[in-house]
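The values are calculated or read from the model by the stated rules, or taken from the named source; none is laboratory data. Worth saying up front: this structure is predicted, and the values here are computed from it rather than measured. Cβ sites come from the backbone with ideal geometry, for glycine too, and all protein chains shown count toward neighbours. Note: accessible area is taken over every heavy atom of the protein model, side chains too, but ligands, DNA and RNA are not part of it. Shrake-Rupley method; radii C 1.70, N 1.55, O 1.52, S 1.80 Å.
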Amino acid sequence: MQTHAVARLLFATIGCSNVVATAHGAAQTAGDPPTATAGSTEECQPGTMGPDAIASIGSGRANGLSSDREPVATDVTDWTTWWEFNRDPILRVCAPPWEFGITGPRVVKRPTAKQIWAEVVPALRASLLESSDPSIVSSCLIALAQIGEKFGAGSDDPIDSILAGLLTSEDPNIRADTALALGILGVDRSLGLLAGLARGDEIARQAVGARAIDLKTRVFATFALGLLGNRTGAPAIRTRIVSCLTEFLTRPEPSEPQDLAVACVISLGLTPLEPAPAGTEREGSDPAAWRQNQIQFLLGFMHDESRSSVARGHAATAAGRLLMWLDDDAFREQAVDRILLPLATRKAAGYPAEVRRGCVLALGMIGDADDDPVDVRIRAALRDDVPNLMSQSRRFGSIAIAQVAANPGRRSPNVEKNRRELAELLVGRLRLSSGEQDWAALALGLFGLLTENQGGGPDPALALALREFAAAARSPMTTGASALSIGLFGDFVSRDWAIAALERSSDPSTRGHVALGLGPLGDKHAIEPVRAALKEGKLPVPEAAIALGLLDFTDTVTELVEFIAGEAPPASKSAAAAALRLLGGRAAVAPLVALLRDETADAARRSAAAEALGRIIDKEGLPWRSKFTFGLDYHSRTPTLDALLGSDSIDGH
């Protein structure tokens, strides 16, 4: 087994600054979360609304947190929910080379440094300090944090000082958002304040105006520690963060709420310590000593029956994230054995569904297609054990199979044979029902995308299987899954089918997915059908703009700005901001700044303008929430995780 190539491709798009040196000197990164009833072990079945359903997800801004796109679904077993949580890094892989600053067919017109210094930052600062509306304040502080310290107010007035001043706000939601913004900003000197807020200690209480620190602020500060740990380049900072997080988790429950435990576990998965070099004696069990100790701690937590099942499930995926980048075969074998245990047919009944789902997701992060014994066991579990689990574990299993199949590992002689066997499993699942067939199609598309981006390419027979599946599609859900899978797979032969599906579909959501499927094909013949559907009002503006951007057609900036200034839901406006990011966004700066400063405009429009500015100029390639949502078991939620990613304001951009 080697460092996970697929994980590098996807997760490296999430966190670009969190580089950790491996034992062999290779550069690595690590990056990983919406409501289950606490402790529930039941998964909702296809077509029902069980305890894991996300029907409550709406488009409000009740908590004041900066809101972008939210995954809205009536049934969390639908593939659309997974897609909404995971699409950002996948679409970034699909983006034309110019999106990455590589010489390409054109120059992307990003906002200039002068625009940022002279127009955007002053407008955000002024609106932040002058406005009494919580939504505008929160949107501006998050946007400033996204833009980053480079474009701050100068050494005498750094952005983190401006943000920290808002901790004394009378509005608890602004205090929580401020703590989170300090993590998004990601400057090391915020560590002491964030750790104090997470603990709720006396120093932090003084920072918030000598009041007790509420749970939401503590939890958001804990998530902020994870963002800081993911972004910092200082190993000593990561060590201090891991010490702080594991200290919380070693306190016996219920001294710390489940919400805080979940935040700690997820943040640990975002904060990779340095691995112990080969031959190092790892004496003791200090989880902040080496990455192996950190993983061992998480797996011990996962198996601890006295702990919250929701937090235990997230511990599995957190450990998987850290294992992806670890070059220590002996330790990996031991760790994988512990991850496989909850999935074994005779053992699975003793573990809650949250843990089983987390373990399935973890296998997709760490497995590959070579002949290492540990990878043979991972593939066997996905083939033989996971199909015997409940509905959502099986669906996640299809995605995990695609990730494992796409990763060649050490490229042993049987890699192509092993890949074919896994791909054939997915082809067989195209004949299933109850929505599982749609997951299999999406997984095949993901497999095609990942293998193509490694310089290879999947078997053409798989493209034929997807074409046949698409031709037989009868439901809007299956049509959307087919179109996306074809686009990700890169099957140009299916272009005409996808264009016809765009024209005949009556469901706006399906049309949006079909358009996004046309985008990665890069075929200019798709531009006019997408433009026509957009002009006729048959296609959601954000999806159309993203599709056209992927097709290298960029003349939609005006429409996007007007859309953001209009009556659309916050989620759709956020997707429009993501499209502006893809298109460059320079031309959008002036009208968005004007809207933000227009005191005659309502708060919703002004806050949407602030969010769009933050997204366009974001110092990182992808939105901060992608670090949480990619690879997430979105069934396992807590109220504060829900506030961060769920019913109050979920975003993807």
For segment 471-553, report the accessible area per residue in Å² (1.4 Å probe, heavy atoms, rounded to an integer).
37
Would you mind working out the accessible area per residue for segment 320-457, using a 1.4 Å probe, and quoting it in Å²?
33
Points 7 angstrom from Cα along the Cβ direction at residue 417 and residue 493: gap in nanometres?
2.7
Three-way shape label, segment 471-553, alpha-carbon gyration tensor, a/c 1.5:
oblate
Stretchable slack from residue 524 to residue 602, in nm (0.36 nm times residue separation minus alpha-carbon distance)
24.2 nm
I'd like to know which of 445, 406, 339 lies farthest towards the positive end of the charge dipole of segment 332-452, counting +1 on Cβ of Lys and Arg and -1 on Cβ of Asp and Glu.
339
For the pair residue 201/residue 504, report the inter-label distance in nm, with labels modelled 7 Å from Cα in the Cβ direction.
6.6
Taking only C-alpha pairs under 8 Å that are 6+ residues apart, what is the relative contact order of segment 471-553 in percent?
31
Quick one: length gained pulling residue 280 to residue 212 fully straight, 0.36 nm per residue minus the C-alpha distance?
20.1 nm
GluC sites (Glu not before Pro), restricted to segment 596-641: which are DSSP loop and have at most 10 other Cβ atoms within 10 Å?
599
In segment 285-351, which trypsin sites (Lys or Arg not before Pro) are in a loop and have at most 16 other Cβ atoms within 10 Å, using DSSP for the loop call?
346, 347
Could you give the dipole magnitude of segment 471-553 about its Cα centre, charging the beta-carbon of Lys and Arg +1 and that of Asp and Glu -1, in debye to the nearest 20?
140
Among 325, 277, 310, flag the residue with its Cα farthest along the positive direction of the charge dipole of segment 273-349, charges on Cβ as +1 for Lys/Arg and -1 for Asp/Glu.
310
On the accessible surface of segment 560-653, probed at 1.4 Å, how many percent belong to carbon and sulfur atoms?
53
Along the positive direction of the dipole of segment 505-589 (beta-carbon charges: Lys, Arg +1; Asp, Glu -1; about the Cα centre), which of 541, 564, 512 reaches farthest?
564
Sites residue 552 and residue 590 - FRET efficiency at Förster radius 25 Å, r taken between beta-carbons, to 0.05:
0.55
Give the carbon-plus-sulfur fraction of the accessible surface of segment 471-553 in %, rounded to a whole number; probe 1.4 Å, heavy atoms of protein chains only.
55
About the Cα centre, charge dipole magnitude for segment 296-409 (Lys/Arg +1, Asp/Glu -1 at Cβ), debye:
660
When ligands, DNA and RNA are left out and all protein chains stay put, how many square angstrom of accessible area per residue does segment 107-246 have with a 1.4 Å probe?
35
